[in-house]
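Taken together, the values in this text are just the output of simple stated rules run on the coordinates, not laboratory data. Note that the structure is a prediction, hence the values are computed from the model and not measured.
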Amino acid sequence: MKRTLLTVIAAILLLSLLVLVPSEVTLAEVVPIPLDKTKMDPVKDEYYISDTEYLDPSLHITMERGEWYAPFRSESNKYHDHKLGENVRTDYWVIRIEIKDPSQIRSGLSRNGKARERDNWWISHVAPVLAINGDGFGDNFNGAGRHIVRQGNVIKKNASANSDGFDGFDALIIDDAGDFHIIRKSQEADFEAFEGNVINCFSFGPALIIDGKIVEDLTDNERYKKMYGAEIEARRICIAQTGPLSYMIVQSDGPDDPDHTGLWIKDFCELVASFGDVKVAYNLDGGSSVRVLFHGKSVDSPYKNTKSQKRANGDMIFFASAWKEE
């Protein structure tokens, strides 16, 4: 009887301890990342479950390779000699991202905010799970007609039309809910009228898809055509929103890779729209600025001799983990 009583008392004490002392699981949680945090906390290698997938309780990333065929359009393409109108191949990455908290989609600037930095600098000083190039901030900081916000800081505000007939840059706003908003041909009055809380604003474009529909007047302006290289085969990259806290990146190869011709911007737009669930898509700085960093290395081009692997970037858009285990 005495032994039985002691056993019962011991069991009660053990259960009390289990209630009072939280387990490792209860200690783990999704913690929003401070707005001004510049270097992300390290993540466990085990969360990179393959060369093309990352998964922790706050962040899921998948990457897939694909092929896209579009008409060859440029007689002046110095890398390829296909016949005009011939359907030719360009490979692409489609990357899907799901986050648990809006603070996980972020932007970063180079050391002094204007210079370009190499991949290794971004990997070591920012430590993102996934990063892509931004809007060429380092090059366009001194340019007119842009509204630029990074992590809540208004860095530049002079969006305007110009006397040469340019109507203004398409702007992408990412608000504090992680939602995308497009301002076409933006002016400063448009930003003053915006009622949300702007965390990041990019000034490049053009917008490719709005409210699930392809933007039809992508190249209705001669300056747009020249600035974006809209009517040459080029490497392209865009960021898109597919749902609440759900995003997609599409990056196309070429043209300096002999196996991939690159795309006109209208063909790139059709590639992005082909995935079907895109709500908003916004074109970013292309050509030799294109960059995709994942698990501490560049994965944006398999072609080792391309000059695009040698160009640095002044700003990046990246995704970070918000999972804290202690």
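Over all pairs of distinct alpha carbons, what does the Kirkwood formula give as the hydrodynamic radius of segment 37-107, in Å? The answer is 15.7 Å.
Diffusion coefficient of segment 195-256 by Stokes-Einstein, Kirkwood radius over Cα pairs, 20 °C, 1.002 mPa s: 156 µm²/s.
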